[in-house]
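To start, the structure under review is shown below, and the notes come after it.
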Amino acid sequence: EVEALDGAIKVNGKTVKIYSEKNPADLPWKDVGADIVFECAGSSPAALQACALVRPRGKVVVVSTHKEPHAVDLQRINFREITMIGTRVYTRSSYQKALQMIKDLPFDNLISHRLDIDDAAKGLELMQRPEDVCKVIINTN
């Protein structure tokens, strides 16, 4: 059972605080630690960073689809006994739960730009500047 709370989610009765930072390095990792890190960016730096941020004996779940092979820090995975899991298929109920939860979670500061469909070309240009852009939403309505 999953429930969205203010700044947290509750999974099977356990409350987990939610953080949303554009730069994961800004999170208070020494205070918080991470039992599970979801890699959702699909980039080599994100994959390496996920292994650096998870606690010893933690799990890294690779949600994103990587377009090419990337280096993985096998030494860190071994020494810290990290479990790495890949996933690519979701059920209809998974999407329904996610849609119900997303409205209550702090995702707004992850979206750096919102554009109308007429400005889609500008959105594609913006995405080439990852130092200034996190996520670009293109409204098709």
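For the pair GLU131 and ILE117 in one chain, pulling the backbone fully straight at 0.36 nm per residue adds 2.7 nm over the alpha carbon distance. Computed on protein heavy atoms with a 1.4 Å probe, the accessible areas place VAL2, VAL89 in the order VAL89, VAL2, largest first.
GNM on the chain, alpha-carbon springs under 10 angstrom: the most fluctuating residue among SER64, SER94, SER43 is SER94.
The alpha carbon convex hull volume per residue for region 1-48 rounds to 104 Å³.
Pick from GLU125, GLU39, GLU81 the residue whose mean-square fluctuation is largest in a GNM of the chain, springs joining Cα atoms under 10 Å. Highest fluctuation among the options: GLU125.
Could you tally the net charge around LEU27, taking each other residue with its Cβ under 12 Å from the Cβ of LEU27, Lys/Arg +1 and Asp/Glu -1? Don't skip to the end; give the middle numbers.
Details: positive: LYS17, LYS22, LYS30; negative: GLU21, ASP26, ASP31.
The answer is 0.
The alpha carbon centroids of region 74-141 and region 9-72 are separated by 13 Å. Using R0 = 22 Å, the C-beta based FRET efficiency linking LEU110 and SER43 works out to 0.90. For LYS17, the aspartates and glutamates whose Cα falls under 17 Å of its own Cα, not counting residues fewer than eight places away in the same chain, are GLU1, GLU3, ASP6, ASP26, ASP31, ASP35, ASP104, ASP108. On the principal axes of its alpha carbon atoms, region 70-141 extends 49, 33, 22 Å, with the longest extent given first. For the chain, the calculated P(r) over all alpha carbon pairs, in 5 Å bins from 0 to the bin holding the longest distance, is 2, 8, 14, 18, 22, 18, 12, 5, 2, 0, 0 percent.
The values are calculated or read from the model by the stated rules, or taken from the named source; none is laboratory data. None of these values were measured; they are calculated from a predicted model. Note that each Cβ is placed from the backbone with ideal geometry, even for glycine, and that neighbours are counted across all protein chains shown. These accessible areas exclude ligands, DNA and RNA; they are computed on the full protein's heavy atoms, side chains included. Shrake-Rupley method; radii C 1.70, N 1.55, O 1.52, S 1.80 Å.
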